[in-house]
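S.K.: So that we are looking at the same thing, I have put the structure below in C-alpha cells.
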Amino acid sequence: MNSQTAQTTTNADESAIRAFLHQMIDAWNRGSGEGFAAPFSKTADFLTFEGTHLKGRKEIAAFHQQALPRCRSQSEWSNHSDAN
C-alpha cells in the first residue's frame, strides 16, 4: 500500500467516525435514545458516563431514552470538530 492509498483510507475512516459522532449528537439533542444507539452494532458494549455497562443496541437505546430527559435539561451537545 502506498502513502496515497493510506491517506485515502484515513480520510474515509475519519469521515465515517465524524458521521457516527454527528448521528449521536443529533439524536442526543432531539432526545432520541433509539437514534443515539443507532450507529452501534446489535452486540456493542457501551460504558456510560456513570459506569454502567450496556450490552447491545437495545440496552444502549433504552438507557439513553430514560436518561435523556434528565440529562438534556442540563446539556446540549455540539460538534466543533468540523472547524479544522
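The values are calculated or read from the model by the stated rules, or taken from the named source; none is laboratory data. Keep in mind that what you see is a predicted model, and the values were worked out from it rather than measured. Here Cβ is always computed from backbone atoms with ideal geometry, including for glycine, and neighbour counts include all displayed protein chains.
S.K.: Against the conditions (1) modelled with pLDDT of 95 or more; (2) buried (at least 17 other Cβ atoms within 10 Å of the Cβ), where does residue 42 fall short? Just the number, please.
M.R.: Evaluating residue 42 over (1) modelled with pLDDT of 95 or more; (2) buried (at least 17 other Cβ atoms within 10 Å of the Cβ) leaves (2) as the failure.
S.K.: A further question on this structure: Only one of (1) surrounded by 13 or more Cβ atoms within 10 Å (Cβ to Cβ); (2) modelled with pLDDT of 85 or more; (3) assigned to a helix (DSSP H, G or I) is not met by residue 71, so which one is it?
M.R.: Unmet condition: (2).
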